[in-house]
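Where a number appears in this text, it was derived from the coordinates with a stated rule and is not lab data. Keep in mind that this is a model prediction, so the values were computed, not measured. So basically every Cβ, Gly included, is an ideal-geometry build from the backbone, and we count neighbours across all protein chains shown.
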Amino acid sequence: MSQVFDQYHTDKVPLSVAAKIKFMNHVNDEHQDELALFVEAFADTKLSNEMAVVVAEVYSDGLLLEASVQNVEILPNHKAEALPDAVSQFFIEFENVIDETITLKSQYINLLQVASKKLGKQAIKQQERYFTVIDGYYASPNMFRLVVAAPVDTPLNHAGYAYLFEVNADVSVSHESTNASANASEKLQRYYTLRKVWQDAETQQIQGWVDTYIHGDTPGGNWARAVQAGTQLKSVRDYPEKIAHLNEGQCLLICDETSMPTVANLLENWQNPIAPIVIVMTNDGAELSYLQEIELSQTLAEINSFKQDNIVHILNTPSIDLPDAIVSAIDTRLEDGSILIEKVWGALSAADAKILRRQLKTKFDLSRQDMVMKVYWRTS
Ligand SMILES: Cc1cc2nc3c(=O)[nH]c(=O)nc-3n(C[C@H](O)[C@H](O)[C@H](O)COP(=O)(O)OP(=O)(O)OC[C@H]3O[C@@H](n4cnc5c(N)ncnc54)[C@H](O)[C@@H]3O)c2cc1C
């Protein structure tokens with residue numbers, strides 16, 4: 001599926017689809033870890049921590065990736081002779097050639113699935129899933145909780161397992177009669193995490209919570225509040241959050257309202273003997289109750305005043321510089337110098353995640369695997 005490019009010259013014609021630049025910017029900004037995964041899986045090359053990998057070009061039959069030592073600026077339209085020594089190129093072949101019926105997105109997701117499987121990691125699954133609403137109520141001032149009946153094979157213990165829900169689908173239509181491809185481009189989709197999953201003792205049914213942050217008149221929040229008991233919710237993709245690195249070492253978790261469900265689930269199931277430090281930002285101070293009221297795992301419950309000492313709250317206001325506030329909250333918590341952060345998991349807005357990913361990776365000298373800073377929402 002891959003071949004190593006010894007030189008830049010190629011007779012391939014770059015793809016000219018309009019969405020290509022947006023795709024490249026998005027992947028290069030937010031998914032470099034996945035590109036490193038492709039190089040490892042398809043070119044049998046494990047990139048060192050100092051190497052950054054980007055999509056340099058997209059062709060109808062694959063991606064041209066360039067890996068270089070971080071901070072080496074690669075100029076646009078560069079020629080082979082101008083490439084710094086540190087640049088390696090890899091051509092990663094798609095399963096199918098992109099045309100009017102095969103999309104770039106589908107081929108990228110396919111690469112992700114094949115690479116993850118090859119390396120024994122969990123990956124996105126493109127599959128329809130149906131959930132039935134049982135109840136709905138506010139779990140904290142702005143977090144609206146849907147209690148749902150979930151498919152029987154829903155993972156019970158994977159914190160951060162999320163689904164891409166269709167939030168404007170005609171929920172009254174039965175799924176057998178729904179034509180999946182019809183109006184696909186008009187479907188509004190939003191990711192939501194399964195906050196908690198359990199098997200109901202009486203009915204044996206798998207049930208769960210989907211917690212949605214309500215922030216004004218938005219499609220996701222409106223969808224969650226509008227559905228009724230009995231409504232069927234449709235998801236088109238499963239997304240397993242990357243949390244395996246948190247099993248050992250001193251961890252730092254960073255969340256806002258959208259990622260509190262994942263952090264709550266992590267803390268309820270925490271087995272790592274070292275307690276994590278949690279930085280939580282909310283727009284409403286009262287929202288902290290969402291994390292303060294959870295039942296901690298036995299490991300954390302045995303630690304004196306974990307919630308008081310290790311959950312650090314930042315009240316977000318329009319005048320605050322969030323990345324700065326987060327870094328100074330971390331510095332204050334680590335003041336006595338006895339704690340060394342070894343792993344990070346966080347999920348925030350695109351702008352803040354981009355700044356923090358770089359800053360914290362350098363600050364704590366973290367490897368690509370140990371620094372997971374995801375984008376959960378973006379300003380439009
Ligand atoms: C893997 C994954 C799991 C997620 N899990 C959850 C979850 O469990 N619960 C949850 O609530 N969200 C979760 N999110 C985030 C959720 O998918 C997005 O916040 C979603 O875009 C919200 O949609 P919306 O329709 O409310 O607002 P959008 O239509 O995305 O945005 C409308 C407006 O609101 C602004 N906006 C969007 N989000 C926020 C915000 N958080 N704070 C302030 N302004 C905002 C935008 O800038 C825009 O102006 C998850 C995201 C991912 C990628």
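Points to keep in mind about this one:
- For the chain, share of DSSP beta bridges that run antiparallel, in % to the nearest 5: 70
- With eigenvalues of the C-alpha gyration tensor scaled by 5 and rooted, segment 222-300, Å: 27, 17, 12
- Measuring against 30 Å, Cα to Cα, the residue pairs K46/K125; K22/K234; K12/K234; K105/K374; K307/K374 contain K12/K234 as the ones spanning a longer distance.
- Net charge over other residues, Cβ less than 15 angstrom from the Cβ of Y161 (K, R count +1; D, E count -1): +3
- Distance (nanometres) between label positions extended 7 Å along Cα→Cβ at I274 and I134: 3.8
- Cα gyration tensor, segment 306-380 - rounded (a/c under 1.5), prolate or oblate: oblate
- The calculated 222 nm mean residue ellipticity attributable to helices in the chain amounts to -7500 deg cm²/dmol, summing -39500 (n - 2.57) over DSSP H runs of n ≥ 4 and dividing by all residues.
- Using the Cβ of A41 as centre and a radius below 15 Å, the other residues enclosed give a net charge of -1, where K and R count +1 and D and E count -1.
- Tail weight of P(r) past 30 Å, computed on alpha-carbon pairs of the chain, percent: 44
- Y138 sits among other residues whose Cβ lies under 13 Å from its own Cβ, and their net charge, with Lys and Arg +1 and Asp and Glu -1, is -4.
- Across segment 244-377, the volume of the C-alpha convex hull divided among the residues equals 102 Å³ per residue.
- Taking other C-beta atoms within 10 Å as the exposure proxy, M371, M24 rank M24, M371 from fewest upward.
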